[in-house]
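Have a look at the structure below before the remarks.
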Amino acid sequence: MERDEPLTPAGRLFLQPQMDQVINAAFAVESAIDVDAFKAEVQSSAMLTNPRFCSLMVRDSSGREFWRRTPVDVDSHVIVQHQPLSSVSDEDAVNDFLADLTVSSPLPTDKPLWETHLLMAHKTIVFRVHHALGDGISLMSMLLSCCRRADDPTQPPTILGVGKSSAAPTRGFSVWKLMMVVWYTLVYVLEFTLRVVGLRDKITVLSGGDGVELWPRKLATARFRLEDMKIVKRAVANATINDVLFGVISRGLSRYLDIRSSSKALPEGLRITGLALVNLRPQQGLQDITKLTSNKFGNRWGNKFGMLLLPVYYHREGSDPIRFVKRAKDMIDKKKLSLEAPFSYGVGKLVMSLFGAKLAGVCNYRILCNTTFTISNVIGPREEITMAGNHVKHIRVTSSSLPHAITMHMVSYGSAADLQILVAKEVIPDPKVLAKCFEDALLQLKVAAEATTKS
């Protein structure tokens, strides 16, 4: 009989009442879903060879959490819904369904902490996986093991992650660079500490706070063309897609604040702080699932991420669009130079080990209450894929609600990237307007980038 395995510190954190997190990944497909084919695909996938997907979460008499291996009945994890969710469009119906799941639907604990919903009328497969099982990189890599390449159904999707992690770039040694690493690390670690103690963003129409995670949610989607983001990237020396994304977020939030607020009441350069999760594995992006589950090559399964505080700034309409990307790049370059992400991971693990999950949960919750939004970006497959022989049209991800009034998750697939914008609807009643602000921001950046290139 196998012995129970204790949860990792990060896994225990995501089981705390204030931090309870479920990742919801929606795969929209072209044709009617074949339920038997889907179940067979899951049954033969790497999911059912991964111990986390085949274990119950149990607690001992002192409340300590453990994984206990158990047989998996795939039928109990596949929930089939034949009736339409509502009379609105498929996209709105699925987004409304996901928004409701983020607030009021924990996963049952009498079976392993994952399930799938087959929304037959909307041709959408929704995977729900508890964050205690793994981070976004681990779970997306696992879910894609259920997929095949559209151009060659015998092959799994190509794993694109290569090279070093963006959180730990290769650094040539110099005394000056070492001093900068130390300085930026100290500054950013101090800010993390102050956020726990009580330093808070200025209150705006975007602000959440204590208890907001319990408020009803709305979900909207901003759609981007990766080629448009690459055009902007090429207009700014050494920029990355993440730099462009934060330029879009900064300009889009500025535009939304202009719509919702009196611009005279907002100071130019107002700081709006985001919280981002950063992959700390040596390899960027999605992981080879065989290597990931073997715990070799430095790419272990589970939650392996650090946190970064990433500020964007309000600027009035009429500001040079490219400046938003340049400011974002300057900020992110400093973050990359620091050890903020590894430090946050290490300190979080230490606090969990010494003082327990409750205190670690309180510290993380206070950081969330004192910042404005959460954002993540996962690079998905560039090639078209199928799931159970059904062509996948798009992949969209969101997670359980947080004290933030805005939570954003972007996943790229093929030539597009979809940003899911989850909002507390009493704070932000019009998330489609916010999504349009982000889409327009990218188009404005593209026009400015093309003009810069021509000149």
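The values are calculated or read from the model by the stated rules, or taken from the named source; none is laboratory data. Everything numeric in this text was worked out from a predicted model, so none of it was measured. Glycine gets a Cβ as well: all are built from the backbone with ideal geometry, and neighbour counts include every protein chain shown. What goes into the accessible areas is simple: the full protein's heavy atoms, side chains included, and nothing from ligands, DNA or RNA. Shrake-Rupley method; radii C 1.70, N 1.55, O 1.52, S 1.80 Å.
Values for this structure:
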item	result
Residue satisfying condition, being open to solvent by 20 Å² or more (accessible area, probe 1.4 Å), touching a Ser or Thr at 6+ places or on another chain (Cβ under 7 Å) and either without any contact (Cβ under 8 Å) to a residue 12 or more places away in the chain or aliphatic (A, V, I, L, M) (or both), within set V103, V88, V94	V103
Index of the failed condition, F297 passing every other in (1) part of a helix (DSSP H, G or I); (2) open to solvent by 30 Å² or more (accessible area, probe 1.4 Å); (3) of a type in the set (A, V, I, L, M, F, W, C); (4) modelled with pLDDT under 90	(1)
Residue that is most open to solvent (accessible area, probe 1.4 Å) [pool: residues in segment 341-398 that are in contact with a Ser or Thr (Cβ under 8 Å, 6 or more places away or on another chain) and basic (K, R)]	R382
Answer residue from segment 56-78, given it is touching a helix residue (DSSP H, G or I) at 6+ places or on another chain (Cβ under 9 Å) and either in a strand (DSSP E or B) or among the basic types (K, R) (or both) and is farthest from L139 (Cα to Cα) among those	R64
Count of residues meeting criterion [in a helix (DSSP H, G or I) and open to solvent by 40 Å² or more (accessible area, probe 1.4 Å)] in segment 306-336	7
Some residue of segment 212-232 being open to solvent by less than 10 Å² (accessible area, probe 1.4 Å), closer than 20 Å to P429 by Cα and either in a helix (DSSP H, G or I) or in contact with a Gly (Cβ under 7 Å, 6 or more places away or on another chain) (or both)	yes
Residue in segment 426-440 that is in contact (Cβ under 8 Å) with a residue 60 or more places away in the chain, buried (at least 16 other Cβ atoms within 10 Å of the Cβ) and touching a Pro at 6+ places or on another chain (Cβ under 7 Å) present	no
